[in-house]
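Scroll down for the structure; my scribbles are underneath it.
Since every read-out is calculated from the coordinates, none of them should be taken as a lab result. Note that the coordinates shown come from a computational prediction; the quantities given were computed from them, not determined experimentally. Because the Cβ atoms are built from the backbone with ideal geometry, glycine has one as well, and the counts that use them run over all protein chains shown.
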Amino acid sequence: MSHPTISANGMRKSYGDKVVLDGIDLAVPAGTVFALLGPNGAGKTTAVKILSTLVTADAGDLHVDGHDLTTDPQAVRAAIGVTGQFSAVDGLITGEENMLLMADLHHLPRQEGRRVAAELLERFDLTDAAKKPASTYSGGMKRRLDIAMTLVGNPRIIFLDEPTTGLDPRSRHTMWGIIRTLVTSGVTVFLTTQYLEEADELADRIAVLNNGKIAAEGTADELKRLIPGGHVRLRFTDPTAYRTAASTLGERAATRDDDALALQIPSDGTQRELRSILDRLDAAGIEADELTVHTPDLDDVFFALTAPAGIPEQTKETSR
């Protein structure tokens, strides 16, 4: 892991008696996507606001791009860009005027500001709409313009707070491509999202925030391995084949469903384990009519880590 470009040790924040962040630790390596997941009200947006200098933490040793948030917030602001949950686009002016306004706010010379605006509008496929009022843009176009505006200052670190909420699947996939391109160019992305698939697709590391604490952190695969419940389900139409398979696999290895003529065998879903099950059936001359592999996914992780009690019996099914 490279040196963290965002680090938080013991970050705390309360509003009155309400503890929002209860001493969380985060470390985000440069040039990666870090996803912070959690239910509504878990404190994700508060964490973004603190790390982007919009809100002051009650406690914690916090650094962004090597700068201390407490003693040098201006240097942090110079290194970052922020796209919040709600669009910063001004719908009363054109897309180009929004871009030029951001260039003025960054104190870019007039000619350079026009060049940067034109390049970013082209990069985000907004050139044809540049002269139109932003109020006429679709949700996906407004989000693209929002991120383009964020990039005017050439930030090394970008905070994206639920950037694809409300977008249709096509626009969401377009946004994912934009985020991947940013990271390829060396930008560090701190992402909060409600979409588990989004974190699975984009994030190098994921942290799950619940009740003000980090419930778990790791890669998507590492988090999935925290959750039990992976298994292979075999279904038969021939009762004799079903009984023979149950005997072959053993009562301890397989859970029986006599009504459905189905067997459930615990499995981590690996090719080796699946082959072992099939080889034992082949040796006994048995063939299942249907085989389904069930593996925990990030939904299972999320529900298990944020549920009031217990682990829901949810698994992802992939028919083979």
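What number does the chain give for Rg over Rh if you use C-alpha atoms and the Kirkwood radius?
Reported Rg/Rh, Kirkwood definition of Rh: 1.11.
Could you tell me the distance between the Cα centroids of region 1-45 and region 280-303, to the nearest Å?
Going from one Cα centre to the other spans 37 Å.
Assigning unit charges at the beta carbon (Lys, Arg +1; Asp, Glu -1) and nothing else, what dipole magnitude in debye, to the nearest 20, does the chain show about its Cα centre?
660
Excluding residues fewer than 8 places away in the same chain, name every one of the lysines whose C-alpha is closer than 18 Å to that of K132.
Qualifying lysines at Cα under 18 Å: K142.
Towards the positive end of the charge dipole of the chain, with charges on Cβ (+1 Lys, Arg; -1 Asp, Glu), say which of H106, L223, F236 has the farthest Cα.
The Cα lying farthest towards the positive end belongs to H106.
Give me the one-decimal Kirkwood hydrodynamic radius in Å for region 231-295, with the sum taken over alpha-carbon pairs.
Working: mean 1/r = 0.0869 Å⁻¹.
One over the average 1/r among Cα pairs gives 11.5 Å for region 231-295.
Using a Gaussian network model on the chain with a 10 Å cutoff between Cα atoms, which of L37, L108, L26 fluctuates the most?
Taking springs between Cα atoms under 10 Å, the residue moving most is L108.
Which pairs, out of K49/K213; K18/K49; K13/K213; K13/K49, put more than 22 Å between their alpha-carbon atoms? If you can, show how the numbers build up before the last one.
On the way: K49/K213 17 Å; K18/K49 17 Å; K13/K213 11 Å; K13/K49 11 Å.
The pairs that break the limit, which is 22 Å between Cα atoms, do not exist here.
Calculate the spin-label point distance for R114 paired with K131, positioning each point 7 Å from the Cα along the beta-carbon direction, and give it in nanometres.
That separation, rounded to one decimal, is 1.5 nm.
Taking every pair of alpha-carbon atoms in region 1-155, give the share separated by more than 29 Å as a whole percent.
On the way: 3514 of 11935 pairs.
Percent of Cα pairs beyond 29 Å in region 1-155: 29.
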